[in-house]
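Student: Once you've had a glance at the structure underneath, I'll fire off some questions.
The values are calculated or read from the model by the stated rules, or taken from the named source; none is laboratory data. Because the structure is predicted, anything quoted here is derived from the model rather than measured. Neighbour counts are summed over all protein chains in view; Cβ atoms, including those assigned to glycine, are modelled from backbone coordinates with ideal geometry. Each accessible area value is taken on the protein alone, full model and side chains, heavy atoms only, with ligands, DNA and RNA left out. Shrake-Rupley method; radii C 1.70, N 1.55, O 1.52, S 1.80 Å.
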Amino acid sequence: MEKRVVIFLVLSLAIILSYDYLLKEFGLAPKPSPQPKPASQAAPPPAASQSRTGSPESSGEPVQSPPPSGRQAAANGAPAVPATGEQTVEVVTPLYRAEFTNRGAEIKGWELARYRTADREQPKPVQLLTQHDPATGPLAIHTVDPKITKRLREGLYGAERDFSTLDAEHPTGHVTFTYREPESGARVTKRLTFHHDSYLVDVSVQAEGLPGPLDVGLGANFGIVEWGEGFIGLIGPASLVDDQVEKSLPEAELERKGAVRWVALQDKYFLSVLIPTEASAAVVRKEGDKLATARVRFSPAAGTAAGTANLSLKLYAGPKEYDGLRALNVGLEETIDFGWFIYGSWDIVRAVAKPLFYVLRFLYDFTHNYGVSIVLLTVGIKLLFVPLQYKSYKSMKEMQFIQPKVVALQNKYKDDRERLNRELIKLYRDHKVNPVGGCLPMLLQMPVFVALFNILYMTIDLRQAPFLLWITDLSVQDPYYVLPILMGVSMVVQQKIMPSTMDPAQAKIMLLLPVFMTFLFLTFPAGLVLYWLTNNVLTITQQFVTDRYVYKQPTFASAPESGGAEAQPDGQKQGGKRRKDRGAEKVEADSRVET
């Protein structure tokens, strides 16, 4: 029975871990579509946060100087000058650099100042807007009339601002875009409020003459830096409606009506979110292979004039930092799925992962090194499970000692399955051995192992976090493969000293597992491999100490032919009984010799 359980667990783990890897190796994984450079990379950054005039479109619009800022307009007592050419408005804070185009009053680029790409040779700031879809853009307004929507997106808005830089002395600033649609006479005003110490942007939209309902969108893949091929977590759209989180990519379009708390586009480490004050629906849509959009829908408010709308929402575009998301108090921390396991989310895993995550960060506050914190956390968990692991080890050892009797019974009653089961149960009962005692403690530890796996694989805290020497980022693979190789060696040593009831042929097959796991872990994050290596080393140390100083090898008396021998446990009382039995056997033998 133990063989079957072990083989089942090994095969299940191998299938789970090797699925994506084998797809890539055999060329069966879908190739990502080429992504154009973001607009923020195409244009050189200016020296200060100022508006600048871009190139005119092919429609022949004349180039004109940028309109005066809000402060200048107020000083002159004149309204902002309507724009006659496309302009780019740049906003720089200590956390990000954002670019807005007055064509449609949409986001053109969003660059995070504190996060870099994984390129070791030329790391660059992370760009949240990596793919632009001409059919939609972040903060674009959509109406039920496609023609009006197109004119709103292609129209040139007037832009004014009341700040030049954002810092501790000037913590807040505003950018206002205004537009009047020439054919219908509709008016739109977008007012954006920026804060120097937050990724949040307050957005208010005032509209007149637009047919409702109105949608405000996040654009295509805004917030999805990399559509990874990993097997943990979901990448794409997410929404919280009526206190129910939905994280799935629909086949076409999914509209969720109700009390909308937020709608987001996310990957493993980053996301963009719209948080409306009052909205009627969240709409997510699959636009193509690895391309998704998300919108918030506002229905006309009761008591307002037809075509009039005053919309209020917040935009968050930044990292998935747990404390920062939780501080928003809208449930955005649920986008970090600590409960993920085998293509699903489990409450028990999530319940274990969150406390472990707090402990990991508590250790980091003292060590200031996440690698050292991972080692200390692994040691603590190992000490916590010492009683369970000892019980598992003892059960496996005892099964190993009675294995010859099990084999003898299997050979004797191979044609009588019912009799074999009765004799095996009697054998286990007489020797006080639990055949599943070695697996049950391991199953109880499984939620902890899965929770740690999620924490080390998904949390942004390990991103760009160094350990020692060549390990400068625990969220990416070891560049020299030292940790995976050491982990594979530790698995071989662990197999050699671990008690087993397998026959020699099965044991040789199991020796292939460390080789397979080593190749698989070559591409895993260094923090995850460090945890696995530390756990293996601690397990080897525990087995050595247990064998040498704690656990004493059981001794069983000669069993009757049926296999129902009495178990002889260790200890002073058992030792006296064994000496008495050996004395009786010696007297019986001497009597036979004399006869």
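Student: Could you please find all residues in segment 308-345 being among the small types (Gly, Ala, Ser), surrounded by 15 or more Cβ atoms within 10 Å (Cβ to Cβ) and at pLDDT below 90?
Tutor: Of everything in segment 308-345, those that are among the small types (Gly, Ala, Ser), surrounded by 15 or more Cβ atoms within 10 Å (Cβ to Cβ) and at pLDDT below 90 turn out to be Ala309, Gly339, Ser345.
Student: Restricting to segment 449-491, what's the tally of residues that are touching a residue at least 60 places away in the same chain (Cβ under 8 Å), of a type outside the set (S, T, N, Q) and not in a helix (DSSP H, G or I)?
Tutor: Selection size over segment 449-491: 10.
Student: Also: Would you point out which residue out of Leu383, Leu315, Leu356 is in contact with a Leu (Cβ under 7 Å, 6 or more places away or on another chain) and in a helix (DSSP H, G or I)?
Tutor: Details: Leu383 fails: in contact with a Leu (Cβ under 7 Å, 6 or more places away or on another chain); Leu315 fails: in a helix (DSSP H, G or I).
Leu356 is the lone residue from the list that is in contact with a Leu (Cβ under 7 Å, 6 or more places away or on another chain) and in a helix (DSSP H, G or I).
Student: List the strands (runs of 3 or more DSSP E) inside segment 98-169, counting only whole elements, that have at least 3 residues being among the charged types (D, E, K, R) and within 18 Å of Gly223 (Cα to Cα).
Tutor: Numbers: elements: 106-116, 125-127, 138-142, 158-161.
Those strands (runs of 3 or more DSSP E) span 106-116.
Student: Would you check which residues across segment 417-434 are charged (D, E, K, R), open to solvent by less than 70 Å² (accessible area, probe 1.4 Å) and out of contact with any Ser or Thr (no Cβ under 8 Å at 6 or more places or on another chain) and list them?
Tutor: Asp430
Student: Return a yes/no flag: does segment 461-473 have any residue that is modelled with pLDDT of 80 or more and polar (S, T, N, Q). Full working, then the answer.
Tutor: Applying the first criterion (modelled with pLDDT of 80 or more) to segment 461-473 yields 461-473.
Going one step further and asking which of them are polar (S, T, N, Q), we end up with 464, 472.
Yes, some residue in segment 461-473 is modelled with pLDDT of 80 or more and polar (S, T, N, Q).
Student: Say whether the condition of being modelled with pLDDT under 50, open to solvent by 20 Å² or more (accessible area, probe 1.4 Å) and under 34 Å from the mean Cα position of the chain (by Cα) is met by at least one residue in segment 68-89.
Tutor: Going residue by residue through segment 68-89, those that are modelled with pLDDT under 50 are 68-81.
Narrowing further to those that are open to solvent by 20 Å² or more (accessible area, probe 1.4 Å): 68-69, 71-72, 74-81.
Of the ones still in play, those that are also under 34 Å from the mean Cα position of the chain (by Cα) are none.
No: segment 68-89 contains no residue that is modelled with pLDDT under 50, open to solvent by 20 Å² or more (accessible area, probe 1.4 Å) and under 34 Å from the mean Cα position of the chain (by Cα).
Student: Exactly one of these conditions fails for Ala292: (1) surrounded by fewer than 18 Cβ atoms within 10 Å (Cβ to Cβ); (2) touching a Lys or Arg at 6+ places or on another chain (Cβ under 6 Å). Give me its number.
Tutor: Just one mismatch for Ala292, condition (1).
Student: May I ask you to verify whether Lys394 is part of a loop (DSSP other than H, G, I, E, B) and either more than 22 Å from Val529 (Cα to Cα) or in contact (Cβ under 8 Å) with a residue 24 or more places away in the chain (or both)? Walk me through how you get there before you give the answer.
Tutor: On the way: part of a loop (DSSP other than H, G, I, E, B): no; either more than 22 Å from Val529 (Cα to Cα) or in contact (Cβ under 8 Å) with a residue 24 or more places away in the chain (or both): yes.
It is false that Lys394 is part of a loop (DSSP other than H, G, I, E, B) and either more than 22 Å from Val529 (Cα to Cα) or in contact (Cβ under 8 Å) with a residue 24 or more places away in the chain (or both).
Student: Does any residue of segment 333-348 turn out to be assigned to a helix (DSSP H, G or I) and over 25 Å from Gln464 (Cβ atoms)? Reasoning before the result, please.
Tutor: Within segment 333-348, the subset assigned to a helix (DSSP H, G or I) is 333-335, 347-348.
Filter once more, keeping what is over 25 Å from Gln464 (Cβ atoms): 347-348.
Looking for residues that are assigned to a helix (DSSP H, G or I) and over 25 Å from Gln464 (Cβ atoms), one finds at least one in segment 333-348, hence yes.
Student: Then there is this: Exactly one condition in (1) among the basic types (Lys, Arg); (2) buried (at least 17 other Cβ atoms within 10 Å of the Cβ); (3) at pLDDT below 85 is not met by Lys391; state its number.
Tutor: Going through the list (1) among the basic types (Lys, Arg); (2) buried (at least 17 other Cβ atoms within 10 Å of the Cβ); (3) at pLDDT below 85, Lys391 breaks only (2).
Student: Within segment 193-214, can you find the residues that are touching a residue at least 24 places away in the same chain (Cβ under 8 Å) and part of a strand (DSSP E or B)? Before you say what the answer is, go through the steps one by one.
Tutor: The first filter runs over segment 193-214 and keeps only residues touching a residue at least 24 places away in the same chain (Cβ under 8 Å), leaving 194-214.
Once the filter is applied, which keeps residues that are touching a residue at least 24 places away in the same chain (Cβ under 8 Å) and part of a strand (DSSP E or B), segment 193-214 yields Phe194, His195, Leu200, Val201, Asp202, Val203, Ser204, Val205, Gln206, Ala207, Glu208, Leu214.
Listed here are the residues, each with its yes/no results for (1) surrounded by fewer than 19 Cβ atoms within 10 Å (Cβ to Cβ); (2) part of a loop (DSSP other than H, G, I, E, B).
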position: Val188; (1), (2): no, no
position: Val216; (1), (2): no, no
position: Glu226; (1), (2): yes, yes
position: Leu234; (1), (2): yes, yes
position: Leu249; (1), (2): yes, yes
position: Lys268; (1), (2): no, yes
position: Leu271; (1), (2): no, no
position: Val283; (1), (2): no, no
